[in-house]
Amino acid sequence: MLDRPRLLSVNLATERSFRYRGRDVRTGIYKKPAGGRVLLRTLGLDGDFQADPRVHGGPDKAVYLYPSEHYPYFRGILKRADLSAGFFGENFTTEGLLEDDVHTGDVLRIGTAVVQVTTPRTPCYKLEAKVGSTAFIAAFLNSRRLGFYLSVIEEGEAGAGDPIRVIETVAGLPTLAGLIEDRYFVSR
């Protein structure tokens, strides 16, 4: 972990639809960096569309955080130079805060908001459809570069450049990297 992890980008989506296996699907996975500061509320960021709060959104998955350090790996795997903040559907693109650095239950201050780490991401078919590869979900899981969800303890504002401060950590529990290894790894 960097001495001073930081928020590189806050990403939002408007409602969008795409065709998948013969049906129209609503999605909020096509996120773009927001200009300025964004209010983070208990159920998510103001202005961000969440198509299915059962899997993204709600009190335990209000925000999806993804480390920028993972982007170079996927640029190589996908052979795409155009991957940028928000591509994986994350609300927060960060620097210096990896799955090895945090535990479920850790409390962070980002901007004026206080959030708690809840669980690693489990990717769905919408990421597969966006990337255009049925094999991508397995590759994403096998990479162990999943990012993680946050719940909101105290509402507040966040914006690009804000420091991320760990204000409480849960010692003795496995890191998110350990949880990913134990629960989410797909064998090759």
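The values are calculated or read from the model by the stated rules, or taken from the named source; none is laboratory data. From a predicted model like this one, the values you see are computed outputs, not experimental measurements. Here the Cβ is made from the backbone with ideal geometry for all residues, glycine too, and neighbour counts use every protein chain on show.
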With PHE92, PHE74, PHE88 as the choices, which residue is touching a residue at least 12 places away in the same chain (Cβ under 8 Å) and either basic (Lys, Arg) or touching a Phe, Trp or Tyr at 6+ places or on another chain (Cβ under 6 Å) (or both)?
PHE88
Out of THR175, THR134, which single residue is surrounded by fewer than 16 Cβ atoms within 10 Å (Cβ to Cβ) and of a type outside the set (D, E, K, R)?
THR134
VAL38 vs. criteria within 17 Å of GLU128 (Cα to Cα) and of a type in the set (A, V, I, L, M):
no
Six or more apart or on different chains, Cβ under 7 Å: which pairs go from a residue in region 124-142 that's more than 15 Å from TYR66 (Cβ to Cβ) and free of Cβ contacts under 8 Å to residues at least 40 places away in the same chain to one that's assigned to a helix (DSSP H, G or I) and aromatic (Phe, Trp, Tyr)? Could you list them?
GLU128/PHE136
Inspect all residues belonging to region 31-45 and state whether any of them is at pLDDT 95 or above, assigned to a loop (DSSP other than H, G, I, E, B) and closer than 24 Å to ASN142 by Cβ.
yes
Within the bounds of region 55-63, is there any residue that is surrounded by fewer than 20 Cβ atoms within 10 Å (Cβ to Cβ) and among the basic types (Lys, Arg)?
no
Among the candidates LEU127, LEU97, which residue alone is crowded, with 21+ Cβ neighbours inside 10 Å and at negative phi?
LEU97
Going through PHE74, PHE49 one at a time, which residue ends up being under 25 Å from PRO5 (Cβ atoms), of a type in the set (Phe, Trp, Tyr) and buried (at least 17 other Cβ atoms within 10 Å of the Cβ)?
PHE74
Residue, surrounded by the fewest Cβ atoms within 10 Å (Cβ to Cβ), within region 146-172, restricted to residues that are among the hydrophobic types (A, V, I, L, M, F, W, C) and under 23 Å from VAL55 (Cβ atoms):
ILE153
